[in-house]
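This report refers to the structure that appears directly beneath it.
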Amino acid sequence: MSHDAPVLVLGLGRFGAATAGQLERQHREVLVVDTDAALVQKWSDRVTHAVQADATDIDALRQIGAQDFAIAVVAVGSHLESSVLITSNLVDLGIPQIWAKAVSRSHGTILSRIGANHVVYPEREAGERTAHLVSGRMLDFIEFDDDFAVVKMFPPRAVRGKDLATTVIRTRHGLTVLGIKSPGRAFVPATPDSIIGEDDVIIVSGTETDLERFAALE
């Protein structure tokens, strides 16, 4: 599948609109679909195509050419029945990659069982991310599988003004510093000789537990 394949976005709520907008900024061809005529009109000048249609009706999807897409995003998460019907329709149309928004674990399980390749929990993920950021030192937090995460953060005072070899962040804290950004400069890959300045920002990877402990240091 081409990395720039056209994308079908079903639903123009906050999640769908954010997805469509980002895809457009990436210069991707996007077809957005919603039952709300006002929303469709609003987005008609923002994306490649905007169509008013009921995506729970498989014949309506066929009429707009949904079966020709390789990637679809079901952004109608708050309406469980509609979300399930739309996802089922996309599966029946043979769309290879289906991303679907879920609002609960049980909702996500249903979507996966009927054929969604990727289930997204935007509210839950946003809440978990916010919980990590409220400490103030972390600026961004991305969690992967198996409790592994990458964090953009201000370094604890204990490691400022020292090179990475001296701070022994890897051996003492179980973390890897991937990059360092000094004010007014771009991020650069970290080396053992890299010195963490007073006003620097660092990119660190490791387990969520180790990162939280490191961020809590003075």
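The values are calculated or read from the model by the stated rules, or taken from the named source; none is laboratory data. Keep in mind it's a predicted model, so treat the numbers as computed, not measured. The accessibility values were calculated without ligands, DNA or RNA, using every heavy atom of the protein model including side chains. Shrake-Rupley method; radii C 1.70, N 1.55, O 1.52, S 1.80 Å.
At a probe size of 1.4 Å, how large is the accessible area of Lys181, to the nearest 10 Å²?
Accessible surface of Lys181 is approximately 70 Å².
In terms of solvent-accessible area of protein heavy atoms at a 1.4 angstrom probe, what is the ranking of Trp43, Trp99, highest value first?
Ranked from most to least accessible, the order is Trp99, Trp43.
In segment 1-148, carbon and sulfur make up what percent of the accessible area (probe 1.4 Å)?
Of all accessible area on segment 1-148, carbon and sulfur atoms account for 50 percent.
For segment 90-141, what does the alpha-carbon gyration tensor say about shape, rounded, prolate or oblate, given a ≥ b ≥ c as the root eigenvalues, a/c under 1.5 as rounded, and a/b over b/c as prolate?
Because a/c hits 1.5 or more and a/b exceeds b/c, segment 90-141 counts as prolate.
Indicate the gyration tensor shape class of segment 100-211 (rounded, prolate or oblate), computed on the Cα atoms with a ≥ b ≥ c the square roots of the eigenvalues: a/c under 1.5 is rounded; otherwise a/b larger than b/c is prolate and the rest oblate.
The shape class here is prolate.
Could you compute how much accessible surface Glu123 exposes when probed at 1.4 Å, giving the result in Å² to the nearest 10?
Counting only protein heavy atoms, the figure is 100 Å².
Each residue of segment 170-187 in turn: what ³J(HN,Hα) in whole Hz from Karplus with 6.51, -1.76, 1.60 and θ = phi - 60°, glycine and Pro shown as x?
Running phi through 6.51 cos²θ - 1.76 cosθ + 1.60 with θ = phi - 60° gives 5, 6, 7, 10, x, 10, 10, 7, 8, x, 9, 10, 8, x, x, 10, 7, 4 Hz.
In terms of modelled amide H atoms, which long-range or inter-chain residues lie less than 5 Å from the amide H of Leu139?
Those qualifying (amide H under 5 Å, at least 5 residues apart or on another chain) are Lys152, Met153, Phe154.
Taking amide H positions as placed 1.01 Å from N in the peptide plane, with prolines and chain starts having none, which residues 5 or more places from Val30, or on another chain, fall under 5 Å of its amide H?
The list, which skips near neighbours in sequence, is Val7, Thr48, His49.
Given a 1.4 Å probe and heavy atoms of the protein chains only, how would you sort Ser106, Ser82, largest accessible area at the top?
Largest to smallest exposure gives the sequence Ser106, Ser82.
GNM on the chain, C-alpha springs below 10 Å: top fluctuator among Thr35, Thr109, Thr191?
Residue with maximal mean-square fluctuation among Thr35, Thr109, Thr191: Thr191.
Using θ = phi - 60° and the Karplus form 6.51 cos²θ - 1.76 cosθ + 1.60, what ³J(HN,Hα) does each residue of segment 108-122 get, whole Hz, x for Gly and Pro?
Those phi angles translate into x, 4, 4, 4, 5, 5, 8, x, 5, 6, 9, 10, 10, 10, x Hz.
Rounded, prolate or oblate for segment 1-80? Axes are the square roots of the Cα gyration tensor eigenvalues, ordered a ≥ b ≥ c, and the cut-off for rounded is a/c under 1.5.
Judged from the Cα gyration tensor, segment 1-80 comes out rounded (a/c under 1.5).
Each residue of segment 57-64 in turn: what ³J(HN,Hα) in whole Hz from Karplus with 6.51, -1.76, 1.60 and θ = phi - 60°, glycine and Pro shown as x?
9, 5, 5, 5, 5, 4, 5, 8
Using Cα atoms only, what is the angle between the long axis of helix 14-25 and the major principal axis of the chain, expressed in degrees (0 to 90) to the nearest 10?
80 degrees
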